[in-house]
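Contents: one structure, followed by commentary.
What follows is calculated from the coordinates using simple rules that are stated; it is not laboratory data. Predicted model, so just to flag it, every value in this text is computed and none were measured. Neighbour counts are summed over all protein chains in view; Cβ atoms, including those assigned to glycine, are modelled from backbone coordinates with ideal geometry.
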Amino acid sequence: MSEPEILTLDLDGWEGPLDLLLALARNQKVDLREISILALVDQYLAFIEQAREIKLELAADYLVMAAWLAYLKSGLLLPRDPEIEPSPEELALRLQLRLERLNAMREAGARLMARDRIGRDVFPRGAPEGLRTVRKALWQAEIFDLIAAYGRISARTRPVMHIVANRPVMTLEAALERVARLVGSAVDWAVIESFLPDSASGVFRKSALASSFLAALELARQGKVELQQKSPFAPLYLRAPR
């Protein structure tokens, strides 16, 4: 006479041996990165034995995982064979990483399922109005405005080229020769403008005046000319030394 079947409920919803390993690792109350692989193997093998006692039909992947864990435990306990790759320590590390990844996915799924759902936690409006699009021109420009704007932008980016105009000037050497020659023929004090060429006008007159002033200072330093000025910005007078 066959024994009556026993109703077995799986409330945790394990989908494979990794889920079972994750649940057993959590029972250690430590960080997944610090779990004891040996203790985890013992817990898993004890679960398999208990399942056999209650005559629970186990899937093949549970039995394969049990055999692999038994091999891993033996590799961790026995002296290491250097010819075997990967090492038991590396296999244990890979198992820890897989459990950490599975735990992260389960937590992310739990957070996702805990969010509010439309129709259960939140409800949309009965008669949505939609979105109304209002188009309004912000700028009104003609073709001349566009061309002028392009010209201003192009002028800012165009390389700047400075061209010095060719204008008549009196050199310092020419002013020295002229002032030294004319001051010797002057009888008394003479204003500096009297040493300028008669035809000097405009830009050339300014250049001749500046050059004559520097020439007068240089001749005074050499002792060839005497200078006189009654007040600041007053006319400057020159004469030959006496």
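Listed values, structure above:
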item	result
Segment Ser199-Asn166, length gained on full extension (0.36 nm per residue, minus Cα span)	10.0 nm
Selection of chymotrypsin sites (Phe, Trp or Tyr not before Pro), segment 100-183, meeting DSSP coil and at most 12 other Cβ within 10 Å	Trp139
Contour excess over end-to-end distance, with Cα ends at Val191 and Ala104 and 0.36 nm allotted per residue	21.4 nm
Environment charge at Gln228 (Cβ cut-off 12 Å; Lys +1, Arg +1, Asp -1, Glu -1)	0
Sites Arg135 and Arg156 - FRET efficiency at Förster radius 25 Å, r taken between beta-carbons, to 0.05	0.20
